[in-house]
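Notes for the one structure printed next.
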Amino acid sequence: MSDDRSGSSSGRDLSGVARVLPVLGWLPEYRARWFKRDAIAALTVWALVVPEAMAYAVIAGVPVQYGLYAVPLALLGYVVFGGSRKLFVGPSAGVATISAVTVGSVVAASAAPSEFIALTAALALMVGVIYVVLGMARMGFVARFFAKPVLDGFIIGLGLYIAIGQLPKLVGIEKPTGDTVRVLVETLAHIGSWHWTTVAVGAAGLAALFAMSRFVPKVPGAVVVVLLSILAADALDLASHGVQLVGEVPTGFSFVSWSSVGAEKLVDLLPGAFAIVIVGFAESVAIAKAYAAKNHEHLDANQELIGYGAANLGAGVLQGFTVTGSLSKSAAADEAAEGRPCC
């Protein structure tokens, strides 16, 4: 790095407590001159993670504030137990989707929203426990056997699932029931019911994102679009024109009862929990390894498992949903800390 942090203890063998708590290896060596750039990186990631966390909460099937609940202790858990200084661990569209599908297959259609929230949080806790157990069992070596083509295909399919699932909201209609193909067909078939002001707002946002990515790639497009959307919603009074807004987000914490979480339902959640662990670990450790190679640092995959476990336990304790490593936010933080504009 430009501020000469790459040669610190992360590249040396640690012993004793510092092996279990990697934060004790690097925190004593932290320099005051690094704070300014780290603060800029923190503000950059904050501008990205707040709207994204709320959006991913909707994908996970819980109220928007629970996306914010998933962040604080997840970040702290990974900072203390994780091994990468570059990896951001937080809400992700991929694991949020798997979480929604997993919990949705267990919760009855007539169940109260509080039950869905409680089981989503329970799933995050289960994922955290599995991660920690695998890390303590030194199962990090399995990362060598992840087939890249299979993961790439899964991620592409997941991207299509997310995009099509959000399409009804982009055109202002209720989401049709059925599988992904049916949702796409039904959404296109009901073009006469589309809310065209909502379509215009969504199209303008997408156009701005693609245009900035193409012509001014160093500008943080997501942050700019979010800020412009906030200003436009107020200046143009979009709500009065039928455009649905997030509205007021409840402040503080509003926890639901855990009473709906039973042993039988936990067993039913177990296959989904393992799916999240496999996908989340593959994505996260790939990002962490890339940064470790860039900065000539050693990365312990077993310690990473424990770090991801601590992050998910933190998210679950505050009744958030499962979290994983994020390439976009890790890159944003790294580029901001290096003094380069975020792309």
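A short reminder: the numbers here are calculations on the coordinates, not readings from a lab. Just so we're clear, the structure is a prediction, and the values are computed from it rather than from any experiment. As a convention, Cβ positions derive from the backbone with ideal geometry for all residues, glycine included, and neighbour counts pool all protein chains shown.
Here is how the numbers come out for the structure above:
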{"item": "Of Gly272, Val171, Leu76, farthest towards positive along the dipole that unit charges on Lys, Arg, Asp, Glu beta carbons give the chain", "result": "Leu76"}
{"item": "Within a Gaussian network of the chain (alpha carbon springs, distance under 10 Å), most fluctuating of Val181, Val279, Val256", "result": "Val181"}
{"item": "Ellipsoid semi-axes in whole angstrom, largest first, where each is sqrt(5λ) of the Cα gyration tensor of the stretch 131-284", "result": "35, 23, 20"}
{"item": "Longest to shortest principal axis, alpha-carbon extents of the stretch 205-343, angstrom", "result": "50, 47, 25"}
{"item": "Protection proxy ranking of 67-78, 34-45, 281-292 - average other beta-carbon atoms within 10 Å, highest first", "result": "67-78, 281-292, 34-45"}
{"item": "Gaussian network model of the chain, Cα within-10 Å springs - most flexible of Gly280, Gly325, Gly252", "result": "Gly252"}
{"item": "Interchain or long-range residues, amide H under 5 Å from Phe88's placed H", "result": "Ser326, Ser330"}
{"item": "Tally of Lys pairs whose C-alpha atoms are under 18 Å apart, taken over the chain, 8 or more apart or cross-chain", "result": "8"}
{"item": "Point-charge dipole on Cβ atoms (K/R +1, D/E -1) for the stretch 232-318, about Cα centre, debye to 20", "result": "220"}
{"item": "Compactness of the stretch 73-194, expressed as Rg and Dmax over alpha-carbon positions, Å", "result": "18.2, 57"}
{"item": "The chain - percent relative contact order, Cα under 8 Å, separation 6 or more", "result": "40"}
{"item": "The chain - Rg over Rh from alpha carbon coordinates, Kirkwood radius", "result": "0.97"}
{"item": "Normalised contact order of the stretch 203-343, rounded percent, pairs of Cα under 8 Å and 6 or more residues apart", "result": "27"}
{"item": "CD proxy at 222 nm, helix term only [per DSSP H run n ≥ 4: -39500 (n - 2.57); per residue of the chain; nearest 500]", "result": "-20500 deg cm²/dmol"}
{"item": "Degrees separating the helix 35-60 axis from the principal Cα axis of the chain, which is the longest one", "result": "40"}
{"item": "Whether the stretch 197-241 is rounded, prolate or oblate, judged on the alpha carbon gyration tensor where a/c under 1.5 counts as rounded", "result": "oblate"}
{"item": "Angstrom value of the Kirkwood radius, inverse mean 1/r, which spans all Cα pairs in the stretch 40-94", "result": "11.7"}
{"item": "Percent RCO, i.e. relative contact order, over the stretch 153-243, from Cα pairs under 8 Å lying at least 6 residues apart", "result": "23"}
{"item": "18 Å tail of the calculated P(r), the stretch 181-272, as % of Cα pairs", "result": "68"}
